[in-house]
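Here is the structure we will look at, set down as structure tokens.
The values are calculated or read from the model by the stated rules, or taken from the named source; none is laboratory data. In this text the structure is predicted, and so the values were computed from the model without any measurement. Positions of Cβ are backbone-derived with ideal geometry, glycine not excepted, and every protein chain shown enters the neighbour counts. In case anyone asks, the SASA skips ligands and DNA or RNA and just uses the protein heavy atoms, side chains included. Shrake-Rupley method; radii C 1.70, N 1.55, O 1.52, S 1.80 Å.
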Amino acid sequence: MPDYFVAFWNLENLFAPEGFPAREPWIAKKNAGDLRGWTQELFNRKIEQLASIIVQMNNGAGPDLLGVCEVENRYALEALSDRLDGLLPGRNYSIVHADSTKDKRGIDTAFVFDKNRLVIIETEIFSHFVMRRTGTRDITQCTFVTNSGNHLVALSNHWPSRSGGAVESAGYRMTAGETLGYWHERIREERDENVAVLAMGDMNDDPSDASVMVHANGRRERDDVEGSRSAMFYNLSWNLLRQTVTTESGRERTLYGTYYYGGDANLFDQILVSRALLNGSAPFKVLEDTVRIEAYPEMTSNSKNRGAIRFGLSKGNAAENVNTDGYSDHFPISVVIRETVGA
């Protein structure tokens, strides 16, 4: 019974270099200050740093399917995919990318996947805009097919930020939750209630927030989801509220989330699965005990008040704003899904 290692990572502002010729003028104008001094060398170093973490996943074999967010465009994503191929010769990575034309900074959600293990249905790639007054984040949906012909529908999410205040911006993330919940229901209508659906992403809210629990219908109680005939998700991320890790200096510390801000932990990065991935009605089953934060020592701060060691953007002063030994301000998360039928 083949296993599929699935991960998600917010890549923190993976922009192409300053002066990238194919950059849309509005993105260049909006991000001019942040990208000032963002050289090809810095971009290449960022790719190298991200890839060095990704290739450690899955006991050094790399992920079969990786959802990402905060990537500017196809160029940046292909650079990462190509580097992963170079570091993992047994892999054959490709990408699923759709431009988020309405996001106010032009950052996208996407997938990197191994074509040796999964293929995509080109007509079943969708970019769902999360509508709001001042711009949006998108949800990328794709159907992946295993070598045995089994279908897994995955959605990569990046919900609106807390800029302006968590309370003041909460409605935007509720709208994002409603968008995810709506498309979950539509997927079931187009296929059947036993379809395997996997939603992952940076929700910019915790699992307990209304955007996730009420609007996306992402629940904490597994038996509630298993017993429901409606479009509910089981939120695996409740298992990630406490994890012992090793820091950059070799000390042990406890993580309480995937993203730290102001000294406090948040569990913004989450993996949600449909009922069929729990009860055996789909040709897959999620191995709940495998869900984890992918926190490697070199990327984990010694400080209990900080999370992942970030790379940063140049913002006109790379010496001050960029840590070339950093990675992202979020930790990746992962889980294993087992194919149980036709394998």
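A compact table of results
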{"read-out": "Leading residue by the ranking (farthest from the chain's Cα centre (by Cα)) among those in the stretch 293-318 that are crowded, with 17+ Cβ neighbours inside 10 Å and not in a loop (DSSP other than H, G, I, E, B)", "value": "A318"}
{"read-out": "Count - residues of the stretch 230-244 that are more than 13 Å from A295 (Cα to Cα) and over 16 Å from the mean Cα position of the chain (by Cα)", "value": "8"}
{"read-out": "Restricting the stretch 250-262 to residues that are open to solvent by 70 Å² or more (accessible area, probe 1.4 Å) and in a loop (DSSP other than H, G, I, E, B), the residue that is farthest from S161 (Cα to Cα)", "value": "R251"}
{"read-out": "Of residues in the stretch 178-214 being closer than 23 Å to A265 by Cα and part of a helix (DSSP H, G or I), the one most open to solvent (accessible area, probe 1.4 Å)", "value": "V214"}
{"read-out": "Filtered residue count, the stretch 319-343, keeping only those that are within 27 Å of T146 (Cα to Cα) and surrounded by fewer than 16 Cβ atoms within 10 Å (Cβ to Cβ)", "value": "4"}
{"read-out": "Residue match in the stretch 71-78 (condition: surrounded by fewer than 19 Cβ atoms within 10 Å (Cβ to Cβ) and either without any contact (Cβ under 8 Å) to a residue 40 or more places away in the chain or basic (K, R) (or both))", "value": "yes"}
{"read-out": "Any chance R229 is without any contact (Cβ under 8 Å) to a residue 24 or more places away in the chain and either more than 21 Å from V68 (Cβ to Cβ) or buried (at least 16 other Cβ atoms within 10 Å of the Cβ) (or both)", "value": "no"}
{"read-out": "Where a residue in the stretch 1-27 is farther than 30 Å from L118 by Cβ and touching a residue at least 12 places away in the same chain (Cβ under 8 Å) and its partner, wherever it lies, is charged (D, E, K, R) and open to solvent by 60 Å² or more (accessible area, probe 1.4 Å), with Cβ under 7 Å and at least six apart", "value": "E18/R36"}
{"read-out": "Helices (runs of 4 or more DSSP H) lying entirely in the stretch 15-80 (those with 3 or more residues that are at pLDDT 95 or above and under 18 Å from M299 (Cβ atoms))", "value": "40-54, 57-60"}
{"read-out": "Positions within the stretch 38-67 being of a type in the set (S, T, N, Q) and under 16 Å from R117 (Cβ atoms), in sequence order", "value": "N58, N59"}
{"read-out": "Members of the stretch 160-177 that are charged (D, E, K, R) and open to solvent by 10 Å² or more (accessible area, probe 1.4 Å)", "value": "R162, E168"}
{"read-out": "Some residue of the stretch 207-225 being touching a strand residue (DSSP E or B) at 6+ places or on another chain (Cβ under 9 Å), farther than 30 Å from G262 by Cβ and without any contact (Cβ under 8 Å) to a residue 24 or more places away in the chain", "value": "yes"}
{"read-out": "Candidates N157, N150 - the one that is among the polar types (S, T, N, Q), at pLDDT 95 or above and open to solvent by less than 10 Å² (accessible area, probe 1.4 Å)", "value": "N157"}
{"read-out": "Those residues of the stretch 319-330 which are closer than 18 Å to M57 by Cβ and part of a helix (DSSP H, G or I), in sequence order", "value": "none"}
{"read-out": "Selection count, the stretch 142-177, where residues are without any contact (Cβ under 8 Å) to a residue 60 or more places away in the chain, hydroxyl-bearing (S, T, Y) and assigned to a loop (DSSP other than H, G, I, E, B)", "value": "3"}
